[in-house]
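A short reminder: the numbers here are calculations on the coordinates, not readings from a lab. The structure presented is a predicted model; accordingly, all values stated were derived computationally and were not measured. Heads up, the Cβs are rebuilt from the backbone with ideal geometry, glycines too, and the neighbour counts pull from every protein chain shown.
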Amino acid sequence: MKVSRRDFAKIIGAGALGATTLTGAEAKESNESNLEKDSAIQTKKRTFPNGFLWGSATASYQVEGAFNEDGRTPSIWDTFSKMPGKTVNGATGDVSTDHYHRYQGDVQLMKALGVKTYRFSISWSRVFPDGTGKPNPKGLDFYNKLLDELLKNGIQPFATLYHWDLPQILQDKNGGWESRDTSEAFANYAGYVAEKLSDKINHFFTINEFGAFVELGYRIGIHAPGLKLPAGRFNQTRHHAVLGHGLAVQAIRAKAKKGTKIGLAENMAICCPVIETAEHIKAAEEATRQLNAQYMTVIQEGKYTDLYLANTGKDAPKYTDADLKTISSPLDFVGINIYTPTYIRADGSKQGFAVVPHPASYPHMASQWLTVGPEALYWGPRNVNKLWGEDEIYITENGCSSSDIPAADGKVYDTDRVMYLRNYLSHLQRATEDGVPIKGYFLWSLMDNFEWADGYTNRFGLHYVDYPTQKRTPKLSADFYKEVIKENRVV
Ligand code: GBH
């Protein structure tokens, strides 16, 4: 191959052109040997374990649409999104990507991508229109059809039972997760679904992201149901959410086919040492326990940390020892949703760590909150394994938003997303290389969809969705991910 001076400059970066004094022939030789070396390094050093489960993810309210079909009743997100000013441009999930009617085509998108697995969630109010009591006979039809389609195409389903779309009726009757009745209703629904679908689904997640739906929905009020509860009631709501998880674990265990695996998908604070030295690494481990005390830590350890109880004081949740036992019911695997890093340093304080806030100049992706920290994909799973001995870990979400404007040829060249993914996956690979037992990775998301309060303004998909026509087009990042999966390495 003849490498012109211009091509060479392109390969090594235009800036170097002025500085180099290589002749064309020398340039050619040095360039080729470097490329050879590089590809050898990549092939040897950047592969994932055999059988690594590459996947992608979505959630019911974000993609399904069909909001009032086949007996589905409103969830708190139907109500909330229809209240003035709650979502950007008043967006709702009434239609969204119309996945309810287009699932067959969407499974073909997955197949073309080469994913081995797909994580989706089930809409509670399709299955139990009254939240509890009598199941809707048509409620599971859609999921049965979707599951058959996935299995027929060799894609292994992972199902989430609660991705934030609580039946509105339970909010009206019980105050939603403020009440223990909701925890019990959730377990009842979870057990029913497991009984009916565990012949087709081997892995169930109870709840997606306590850390998002409880905090944003019941404390900050920017997600459904839009409440700002006072501390005591709020901490009790947190408790009922983890209790609901534990009761659901028991119900699934009792009703599902033998061998069914149960876990959760939590967006814990991912504590990364500011510098990778022994003292900061240790501080980040302790911070992982303390900053996740109300959810992951109590689930793992069966008690609230002393620091959490001291910090909540008179507003601490009320609970029994039996509750703690339920909450910490043994799991088969753990899923972690990882987007952003929390930097931790060791300090002389009693708690032994301090959070280092991001400076104003810290980089983020299209969503303001999505600060970039690829090493989160290393430290997140490593800490979960080290602290709690979890030996089957999945990255249940990772991905990013981008402005995603189609080019003249109709394709979205989302180089920023590819940059983000390549860097995050490099650290995931590093973790597997170091022996952290990560079994799979689900990229958020298969396609653009309803991004909660941000409506349709923030796109997270590997496929661009043109909402007026519902046309899906693979972005550059889909081409990238396809290659990662095919090669089982960072490309
Ligand atoms: C996940 O949340 C969700 O599971 C998924 O449904 C979602 O589509 C995806 O990530 C992408 O966002 O408005 O500035 O207060 C990730 C955790 C919690 C991060 C809510 C953004 C809102 C920040 N998210 N948070 S802000």
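Using just the Cα positions, wrap the range 95-179 in a convex hull and report its mean projected area in square nanometres, one decimal place. Intermediate results must be reported in sequence, preceding the final value.
Numbers: hull surface 25.3 nm².
Over all viewing directions, the range 95-179 projects a mean Cα-hull area of 6.3 nm².
For the peptides 92-102, 127-137, what is the packing order when you average, over each peptide's residues, the other Cβ atoms within 10 Å and list the highest mean first?
92-102, 127-137
When all C-alpha to C-alpha distances in the range 113-249 are sorted into bins of 5 Å, what percent of pairs does each bin hold, rounded to whole numbers?
2, 10, 20, 22, 17, 13, 9, 5, 2, 0
Run lengths n ≥ 4 of DSSP H only: what is the helix-derived mean residue ellipticity at 222 nm for the chain, with -39500 (n - 2.57) per run over all residues, to the nearest 500? List each step's numbers first, then the result.
On the way: 18 runs with 202 residues, N = 491.
Computed mean residue ellipticity for the chain: -12500 deg cm²/dmol.
Please list 404-417, 257-270 highest first by mean number of surrounding beta-carbon atoms within 10 Å per residue. Provide the component values of the computation, followed by the final result.
Working: 404-417: 15.1, 257-270: 19.9.
Peptide ranking by packing, descending: 257-270, 404-417.
Along the positive direction of the dipole of the range 46-487 (beta-carbon charges: Lys, Arg +1; Asp, Glu -1; about the Cα centre), which of S349, V214, G373 reaches farthest?
Going by the charge dipole, the pick is V214.
Can you give the Rg to Rh ratio for the chain, taking only C-alpha atoms and Rh from Kirkwood?
Numbers: Rg = 23.4 Å, Rh = 23.7 Å.
Radius of gyration over Kirkwood radius for the chain works out to 0.99.
For the chain, with only Lys/Arg (+1) and Asp/Glu (-1) charged at the beta-carbon, what is the dipole magnitude about the Cα centre, in debye rounded to 20? Walk me through the intermediate numbers first.
On the way: 56 positive and 56 negative charges, 96 e Å.
The dipole of the chain has a size of about 460 debye.
Rounded to the nearest 5, what is the percent of antiparallel bridges among the DSSP beta bridges in the chain?
On the way: 12 of 47 bridges.
Of those bridges, close to 25 percent are antiparallel.
From the cross-link list K314/K350; K257/K475; K282/K486, which pairs have alpha carbons spaced over 28 Å apart? Before the final figure, lay out each step's value.
Values: K314/K350 21 Å; K257/K475 39 Å; K282/K486 37 Å.
Going by Cα-Cα distance, K257/K475; K282/K486 fall outside the 28 Å limit.
Relative contact order for the range 46-487 using alpha-carbon pairs under 8 Å, separation at least 6, rounded to a whole percent?
Numbers: 935 pairs, mean separation 76.9, N = 442.
Relative contact order comes out at 17 percent.
Can you give the angle from 0 to 90° between the axis of helix 476-487 and the longest principal axis of the chain, with both taken from C-alpha atoms, to the nearest 10?
90 degrees
Using alpha carbons only, how many angstrom separate the centre of the range 232-247 from the centre of the range 46-66?
If you average the Cα positions of each part, the centres end up 28 Å apart.
Can you tell me, using C-alpha contacts under 8 Å and at least 6 residues apart, the relative contact order of the range 103-176 as a whole percent?
Values: 81 pairs, mean separation 30.5, N = 74.
Value for the range 103-176: 41 percent.
For the peptides 180-187, 328-335, what is the packing order when you average, over each peptide's residues, the other Cβ atoms within 10 Å and list the highest mean first?
Values: 180-187: 22.1, 328-335: 19.0.
Descending mean neighbour count gives 180-187, 328-335.
Calculate the length of the line joining the C-alpha centroid of the range 386-407 to that of the range 260-336, in whole Å.
19 Å
Find the percent of Cα-Cα distances in the range 64-128 that exceed 20 Å, and round it to a whole number. Walk me through the numbers before you get to the answer.
On the way: 832 of 2080 pairs.
That fraction is 40 percent.
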